[in-house]
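Heads up: the structure comes next, in structure tokens.
The values are calculated or read from the model by the stated rules, or taken from the named source; none is laboratory data. This one's a predicted model, so the numbers in the text were calculated from it and none came from an experiment. Cβ placement follows ideal geometry from the backbone for every residue including glycine, while neighbour counts extend to all protein chains displayed. The protein model used for the area step is the full one, side chains on, heavy atoms only, and it has no ligands, DNA or RNA in it. Shrake-Rupley method; radii C 1.70, N 1.55, O 1.52, S 1.80 Å.
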Amino acid sequence: MFDIPTYQQASTQLSIKQKVGQLLMPAAFINDSEEEVQRLEHLIREQYIGSLCFFHSRASAATNFEGAQEVIHNTQSYDRLKTLIQRYQKAAPLPLLIAIDAEWGLAMRIEDTPQYPYAITLGALQQEEHLVFQVGQAIASDCREIGIHWNLAPVVDINQNPKNPVIGYRSFGDDRQKVVNYARAYCQGMASLGTANALKHFPGHGDTHTDSHLNLPLIDKSKATLLENELYPYQALKAEFTDAIMVGHLAVPELSSGKHISASISKEIITGFLRGKMQWNGLIISDALNMHAIAGDFTEKGAVELAAFEAGNDVLCFTDNAEAGIESIAKKGNPEQIEASFQRLWQLKTKAFSFRKEVSAFNMVGYDALMKNLAEGSITMLWGNPNTIRDFREQGFQYLQIGNPAPFFIDDEAPGALHADQVLLSLTPRQAKPNHNFGLTPDEIEQIKTVINTKSTVLYCFGNPYVLPLIPWEKATAVVVVYQDFKAFQEVAKSHFLGELVAKGSLPITLENLGI
């Protein structure tokens, strides 16, 4: 446990430049070279860096760790992270606030660590806030165990665009009240173990087909529409368990006097609207400042950091040019604004480092039991009914697996005589994101189309339901969405197929051409 000075002590002791250093959050890479580690240690020590955000490796810095071929797979990443946190804390003149994106657990950034269901899966639960609380609590426990104080989650974007390449499965769904209820439960779960949160991506990234890692999305809606939808979760949650709000790289002209400028560097949006009209007095953190939506607009080192700070961000995430940014802000930034941002950051640091409750003091739900409860609560009967599946099962069927291996059923387990005209289709998309057809090959998609069009097909989808419009799913005898391919979800799917349990979940999104 670290001893942290009071705000008054720290404010008196630190220079303006050192206070600015506290506001920067450079990226730290788990699988980095020793040379780069030492360079970051030097930066922390000399520039009084206040926080770090950990990523798996430089190859996956702007993406989630999903086992992509270009990303190194290191089974020692967890131990490596623990060691690096200790090294960087030792190098820091003042305790570092350690952050990570762990929306669905440390597995979002670190292989071989506990993975929890995506938000879209949780969104299929029906009035099961207690289960979402338990997910938040479990993730917080994993974070605390390794020395992470701040989980940059949850996503409170409302899922309004099926072609969204970056939010989709990361959102609780398209029902704004469910988004609020489940985000609240998730934050409460984390708060029970002292882990800070950050609602994202303000003003709302749910209705765009542009990936802000690559280009600047445009949200061209009226203020009334924005208040009714995108901004609703922030207004509903800001006075409760919210520790911070992350501002995304989105152009929202209605909030910036018609300008096509990213919200993350817009003073009108952050200071004028979020702080002013919405009266948010807590911490504001930028989305990663290396993202191409804005990074390419700034050629001078330190310029993007200065622009983001002057717009009203307190913490500047993923600053590629930290030293230049500190120099620029210390020289040109408003001293009163620097002090106000420093105070907000220090309040979060004080909260994070003063939490004393031990995990063992809580009646934590075990991982396996939690996964089973989540699987049973989320499995969704999208098309057909239990009677059609029972008749299908009793008549016999062939089994076909498409995508990632998922041992839901194999032929020698199939009850009854094999039926050539009936197919039990297990579809497991290789990725959760929609690019490249969720990782399915053109041949696989054609194979699925042929099967559904020519056979009586019962389809179980172990992945993002946004994959379904790629195929004629409405022509299937039955369609069941399982959302994840975890072992517990496969076991629950099998029990459902055998008629041993009823599907309780409900699709949390609207699919194209969906008439129900």
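Accessible surface for Asp297 stands near 120 Å², nearest 10, in the context of the full protein assembly shown (1.4 Å probe).
What does the C-alpha gyration tensor say about the overall shape of the stretch 68-218? Classify as rounded when a/c is under 1.5, otherwise prolate if a/b is larger than b/c, or oblate. Since a/c reaches 1.5 and a/b is larger than b/c, the shape of the stretch 68-218 is classed as prolate.
GluC sites (Glu not before Pro), restricted to the stretch 220-291: which are DSSP loop and have at most 13 other Cβ atoms within 10 Å?
In loop regions of the stretch 220-291 (DSSP not H, G, I, E or B), the sparsely surrounded GluC sites (Glu not before Pro) are Glu240.
The order of Lys19, Lys178, Lys90 by accessible area, most exposed first and with a 1.4 Å probe, is Lys90, Lys178, Lys19. Here Phe408 sits with roughly 0 square angstrom of accessible surface, probe radius 1.4 Å. May I ask for the net charge around Ser341, where only other residues with Cβ less than 12 Å from the Cβ of Ser341 are counted and Lys, Arg are +1 while Asp, Glu are -1? Every neighbour counted, the sum reads -1.
Taking every protein chain into account, the 1.4 Å probe leaves Val304 with about 20 Å² of accessible area, to the nearest ten. Can you give me the accessible area per residue for the stretch 44-191, using a 1.4 Å probe, in Å²? Value returned for the stretch 44-191: 32 Å² of accessible area per residue. Whole-percent P(r), the stretch 174-325, all Cα pairs, 5 Å bins from 0: 2, 10, 19, 22, 20, 15, 8, 3, 1. Taking a virtual spin label 7 Å from the Cα of Ala340 along the C-beta vector, which residues in the stretch 243-278 bring their backbone nitrogen under 18 Å of it? Those under the cut-off are 244-247, 264-278.
Can you put Arg184, Arg45, Arg109 in order of accessible area, largest first, using a 1.4 Å probe? Let's see the in-between values first.
Numbers: Arg184 60, Arg45 110, Arg109 15 Å².
The ordering from most to least exposed comes out as Arg45, Arg184, Arg109.
Measure out, as a whole number of angstrom, how far apart the alpha-carbon centroids of the stretch 373-396 and the stretch 255-334 sit. What the calculation gives is 49 Å, centre to centre. Over the chain, what percent of the accessible surface lies on carbon and sulfur atoms, probe 1.4 Å? Carbon-and-sulfur percentage of accessible area, whole number: 48. Scalar couplings 3J(HN,Hα) for the stretch 444-457, obtained by applying the Karplus form with A = 6.51, B = -1.76, C = 1.60 to θ = phi - 60°, are 5, 5, 5, 5, 4, 4, 4, 4, 5, 6, 10, 10, 7, 10 Hz; x denotes Gly and Pro.
When the expected Rg is taken as 2.2 N^0.38 Å, what fraction or multiple of it is the alpha-carbon Rg of the stretch 462-516?
Details: Rg = 11.9 Å, N = 55, 2.2 N^0.38 = 10.1 Å.
Its radius of gyration relative to the 2.2 N^0.38 Å reference: 1.18.
Distance between the pseudo-spin-label points of Thr225 and Glu512 (7 Å out from Cα toward the beta carbon): 1.9 nm. Pairs from the list Lys277/Lys301; Lys178/Lys449; Lys449/Lys487; Lys277/Lys351; Lys178/Lys504; Lys163/Lys494 with a Cα-Cα gap above 22 Å: Lys277/Lys301; Lys178/Lys449; Lys449/Lys487; Lys277/Lys351; Lys163/Lys494.
Residues whose amide H lies under 5 Å from that of Ser171, counting only those 5 or more places away or on a different chain, are Ile120; hydrogens are built 1.01 Å from N in the peptide plane.
Ordered by 1.4 Å accessible area with all protein chains kept, His56, His73 run largest first as His73, His56.
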